[in-house]
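Since the structure comes first, as structure tokens, the remarks are kept for the end.
The values are calculated or read from the model by the stated rules, or taken from the named source; none is laboratory data. All values derive from a computational prediction rather than experimental measurement. Every residue, glycine among them, receives a Cβ derived from its backbone with ideal geometry; neighbour counts consider all protein chains shown. Heads up: the accessible areas ignore ligands, DNA and RNA and are worked out on the full protein's heavy atoms, side chains in. Shrake-Rupley method; radii C 1.70, N 1.55, O 1.52, S 1.80 Å.
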Amino acid sequence: MSRTIRLPMLPVLLAVTGIAAAGFAGAADEVQARDGETLYTELGCVYCHGPAGREPALDEYPKLAGQTEAYLVQQSKDIRDRARDNGYTGMMQPAVVNVTDAELAAVARYLAGQPYAGGTPKGAGAKAYAQNACGSCHGPTGAEPIVPTYPKIAGQNRTYLINQMHDIKSGDRDNGASVAMRGVVANMGDETIVAIAEYLRGQ
């Protein structure tokens, strides 16, 4: 006569739960360890921002190479979570809507480790840049922000810079630290904004 072996349920449940937990932990570790460069390509970032974030497909898109990691992480999360929705971010939001914080951080680390995409700032907008105290936040040439959550703007695309200044001025962009800049651009005319963008575009 066959006997039915009854195992205590609690140890079995604990064992199964432990295996599942180990699996989830392993998956999390795998995500953390994934190469940021691979994710950058897999997520399609390369198609708009170019290889290593240095050559965007359009002048309206920002250069990302060498940007500060904290700034990249914040902006990526804000776009994903719709805290930032100005300009072309609506096109990027679907691409990152299901991307995890760990994956965004990995991509940000990869991009922050690339040589900075900017050059030596030149142009007639140097005076406007100084008069409007832009350097007090972004550094003397726009390449050395005073805190990691402020962007490097030296060598950035001209049209992108113009659009962002207009959007911050109008309130269309109000995420992150952009609110602190609104008072700076509030009284800037179009000529001043263009001159500063020309100056920052660099070489």
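The residues packed around Gly87, meaning those with a beta-carbon under 10 Å from its beta-carbon, carry a net charge of -2 if Lys and Arg are +1 and Asp and Glu are -1. For the peptides 83-95, 179-191, 157-169, residues were scored by their other Cβ atoms within 10 Å and the scores averaged per peptide; the highest-first order is 157-169, 83-95, 179-191.
Legend: translational diffusion of region 105-191 by Stokes-Einstein, Rh = Kirkwood radius over C-alpha pairs, 37 °C, 0.692 mPa s; D = 236 µm²/s. Phi angles across region 150-157 convert, under the Karplus curve 6.51 cos²θ - 1.76 cosθ + 1.60 with θ = phi - 60°, into 3J(HN,Hα) values of 9, x, 6, 10, 5, x, 6, 4 Hz, Gly and Pro given as x.
For a straight C-alpha distance cut-off of 19 angstrom, the aspartates and glutamates reachable from Lys152 (same-chain residues fewer than eight places away being disregarded) are Glu55, Asp59, Glu60, Glu69, Asp78, Glu144, Asp167, Asp174, Glu198.
Please report the carbon-and-sulfur percent of the accessible area for region 146-203; probe 1.4 Å, protein heavy atoms only, DNA, RNA and ligands left out. Carbon and sulfur together cover 49 percent of it.
Database remark: amide H of Arg84 closer than 5 angstrom to the amide H of Ile79 (H placed geometrically; neighbours at sequence offset of 5 or more, or on other chains; Pro and chain starts carry no H).
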